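Below: one structure in C-alpha cells.
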Amino acid sequence: MTASTLTAKPGHSRPRTIGELRSIPDYDARTASISVKNEMRRNLLRAIEKGEALFPGVHGYEDTVIPQIVNALLSRHNFILLGLRGQAKSRILRGLVQLLDTEMPVVAGCEINDDPLRAICRACRERLAAEGDSTPIAWMSRDQRFVEKLATPDVTIADILGDVDPIRAARGGRDLSDELTIHYGLLPRANRGIFAINELPDLAGKIQVGLFNIMQEGDIQIKGYPLRLPLDVLLVFTANPEDYTARGKIITPLKDRIGAEIRTHYPSNLEEGMTITVQEAWVSRDSGRKIEVPVYLREVVEEVAFQAREDKRVDRRSGVSQRLPITTLESIVSNAGQREARIGEKNSVARVADIYAALPAITGKLELEYEGELKGADTVARELIRTAVGRVFSKHFPEVNFQPVIQWFELGGELKLPEIATTLERCQQLSKIQGLMENTGRLGVTDRKDAGVAAAAAEMILEGLWAHRRIGRSEERGYFAEKQRQTETRETPNRPPRRQYN
C-alpha cells in the first residue's frame, strides 16, 4: 500500500502521526517511501495501460514530443524541452504534476517536505528522536509538489540552493555554522517533487555550476556548511534552441548531465493549429450578444501564423508564437462585437475586414529581419493576411469560374462596404453582383436568406479575388476592376538606345 492510496481504503482515516501511519494494516514503509522518479514511472505505466490522456490540452505532439517525454520519464531522466516561444513547453512541465500521487505524507512543518520515515534534515531528525511515533505529519497535495522558477540574470545561488540566515541564528542563539541556521532555497523546498527552470541558459554561469551535484550525485552543497543534503527531485528545464548551443549561454558540463533533450515544434497543419486556437482563445463572451466566427475565417487566422513562420522577412530564430492566432481571433470577436454595439444588432457574423482590425494583435508577435524592418510591421502583416486569404480561397474554390463576378466590375461596377453598415445593407449590396451569392455554399452557407452568414461569405470571395489580383480594392474597402498594368515607353528622338551593362 502506498501513502496516496491508504486514505482511499474503506475504514481508514487519514493518519495524523507517524505512529498512526505505521499502524495501518498492509502498510509497508519500504514500498510507500519510493523516489519521485519511481513514483512517476509507476503512475505513468498505469496511465498508459488504461489508455488515459497524458497531457490534456496539448495538441499536435501525440506522435512526436509526448513519446519522447514518456521515454525520459520511464528512464528516470531529468530532461529539457527545447523550442521556440509559444510551443506549450511550460504547459507540458506543469502537466507532469498529474503523474504524481494525489497526496504525500510529510513531517509537519518541515521546510523541505521530509519523508516521515526517512528524514534527511537535522531539524526533523532531532524532532523524530524526541517525539517518536507521536511526531505529527501533514499531507501535501500534488499541486504543492511542483516548484517553478523563471531564470533571470538576478537569480542567485541563495535563491536556488540556500544560504545562512543570520536572523534565524540570532533568534535561536545558534552559531552561524550550525545547520539549523540554513535558509533553504527553491531546490531543497522542491524535495520529493518536481523542480522546473524556464529559460535555463539565462541562469548565470556560477548558478549552473551549482546544479552539477544534484544532476549527477543527487545532493546539494550549501555555502558555508560542511554537509551534503541528498534530495529526491525530478529536474526539468526549458530553453530556446538558439541559446542552448556551444555559442550560447549554457555550460557544457551541465548540458552533459541532462538525461534527455526533447525538441518541441509548432502545429504541423491548419487543423492542429485551429484546435489549439479554439481551445485557448476567449471567444465565448458574456455580453449577451452572439458573434459567430465562420470556419473559413478561423482558417485565415491560422494561415497567417503559418505564412509568417515561412516568410523571409520574419526572424525564424525567434519564431512566431501560437499566441498570434489566439490573440488575433480574440481581437476579431471584439471588433465584431464593437460593430454590433454601434449598429444596434444582437447577432452578427465576423467579417474578413475584422482581421485587418486585429493588426495590433499580429504586429507585436513578429520579430522582423532587416528587410521586414524597412517595410514596417504593419505592411508585412497586411501582406501576410492577403496571402493567407488567397491560400484559403484557393482551398475552397479550386476550380470555380468567377468570370461573371469579374466582368461585373470590368463593366463599371463598383462596391464599397463601409464599416458601420448594417448586415442587411451589406447583403443587399453584395447581392447585386452577378454570380457572387451563388458560390457562397462552398464556404458553408446553407441558407442565403441568413443575411449575416451570406454577406460575410460573399465578402470573403471578393477578398479572395483581390488576393489573387483578379479585382482591385482600396484601403477603404472599395472593390473595383483590376487596372491593367501598362508598360511605359519613352521615345526620345535622335537618341540611340542605351547600352546595357552587366
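Would you mention how many residues in the stretch 362-376 are among the small types (Gly, Ala, Ser) and open to solvent by 10 Å² or more (accessible area, probe 1.4 Å)?
Final tally of qualifying residues: 2.
Out of everything in the stretch 109-155 that is polar (S, T, N, Q) and at pLDDT 90 or above, what residue ends up being farthest from the chain's Cα centre (by Cα)? It would help to see each step written out before you state the result.
Residues of the stretch 109-155 polar (S, T, N, Q): 113, 134-135, 141, 144, 152.
Subset that is at pLDDT 90 or above: 113, 134-135, 141, 144.
Details: ASN113: 31, SER134: 47, THR135: 44, SER141: 25, GLN144: 22 Å.
Restricting to residues being polar (S, T, N, Q) and at pLDDT 90 or above, the top hit is SER134.
For ILE112, are the conditions met, namely being open to solvent by less than 50 Å² (accessible area, probe 1.4 Å), assigned to a loop (DSSP other than H, G, I, E, B), touching a residue at least 24 places away in the same chain (Cβ under 8 Å) and in contact with a helix residue (DSSP H, G or I) (Cβ under 6 Å, 6 or more places away or on another chain)?
On the way: open to solvent by less than 50 Å² (accessible area, probe 1.4 Å): yes; assigned to a loop (DSSP other than H, G, I, E, B): yes; touching a residue at least 24 places away in the same chain (Cβ under 8 Å): yes; in contact with a helix residue (DSSP H, G or I) (Cβ under 6 Å, 6 or more places away or on another chain): yes.
Yes: the conditions hold for ILE112.
Are any residues in the stretch 190-230 outside any strand (DSSP E or B) and among the polar types (S, T, N, Q), and if so, which ones?
ASN191, GLN208, ASN213, GLN216, GLN221
Only one of (1) buried (at least 21 other Cβ atoms within 10 Å of the Cβ); (2) more than 19 Å from GLU459 (Cα to Cα) fails for VAL300. Which number is that?
Only one criterion is unmet by VAL300, namely (2).
Give just the number: which of (1) in a loop (DSSP other than H, G, I, E, B); (2) touching a helix residue (DSSP H, G or I) at 6+ places or on another chain (Cβ under 7 Å) does GLU242 not satisfy?
(2)
Can you tell me which condition ILE250 does not meet? The list is (1) under 30 Å from ALA456 (Cβ atoms); (2) more than 21 Å from the chain's Cα centre (by Cα); (3) open to solvent by less than 20 Å² (accessible area, probe 1.4 Å), and all the others hold.
Against the list (1) under 30 Å from ALA456 (Cβ atoms); (2) more than 21 Å from the chain's Cα centre (by Cα); (3) open to solvent by less than 20 Å² (accessible area, probe 1.4 Å), ILE250 comes up short only on (1).
Let me ask you something else. For a quick check of your reading: which helices (runs of 4 or more DSSP H) sit entirely within the stretch 32-108 and have at least 3 residues that are open to solvent by 20 Å² or more (accessible area, probe 1.4 Å), at pLDDT below 95 and on the phi > 0 side of the Ramachandran plot? So that I can check it myself, show each step before the final result.
Working: elements: 36-50, 65-74, 89-95.
Helices (runs of 4 or more DSSP H) meeting the threshold: none at all.
Here is a follow-up. May I ask you to say which residue of THR387, THR379 is touching a residue at least 60 places away in the same chain (Cβ under 8 Å), open to solvent by 50 Å² or more (accessible area, probe 1.4 Å), farther than 23 Å from GLU292 by Cβ and not in a strand (DSSP E or B)? Break it down stepwise before answering.
Values: THR379 fails: touching a residue at least 60 places away in the same chain (Cβ under 8 Å).
Just one listed residue meets the conditions, THR387.
So, in the stretch 458-471, exactly how many residues are among the aliphatic types (A, V, I, L, M) and under 11 Å from PHE397 (Cβ atoms)?
Count: 3.
Cβ contacts < 9 Å: first residue on the phi > 0 side of the Ramachandran plot and surrounded by fewer than 19 Cβ atoms within 10 Å (Cβ to Cβ), restricted to the stretch 201-223; second residue of a type outside the set (A, V, I, L, M) and modelled with pLDDT of 85 or more, any location; separation 6+ or different chain. Result?
Correct list of pairs: GLY218/PRO230; GLY218/ASP232.
Here's another thing I want to ask about it. Looking only at residues in the stretch 269-286 that are farther than 15 Å from GLY86 by Cβ and loosely packed, with under 12 Cβ neighbours inside 10 Å, which one is nearest to the chain's Cα centre (by Cα)?
TRP282
May I ask you to list the residues in the stretch 176-199 that are closer than 17 Å to LEU150 by Cα and either buried (at least 24 other Cβ atoms within 10 Å of the Cβ) or small (Gly, Ala, Ser) (or both)? Talk me through it step by step, then tell me what you get.
We begin by selecting, within the stretch 176-199, every residue closer than 17 Å to LEU150 by Cα; these are 185-190, 194-199.
Answer for the stretch 176-199, where residues must be closer than 17 Å to LEU150 by Cα and either buried (at least 24 other Cβ atoms within 10 Å of the Cβ) or small (Gly, Ala, Ser) (or both): GLY185, LEU187, PRO188, ALA190, PHE195, ALA196, ILE197.
The values are calculated or read from the model by the stated rules, or taken from the named source; none is laboratory data. Model, not experiment: these values are computed from the prediction. Counting neighbours? That spans all protein chains shown, and the Cβs are built from the backbone with ideal geometry, glycine included. Remember, those area values only see protein heavy atoms, side chains included, never the ligands or the DNA or RNA. Shrake-Rupley method; radii C 1.70, N 1.55, O 1.52, S 1.80 Å.
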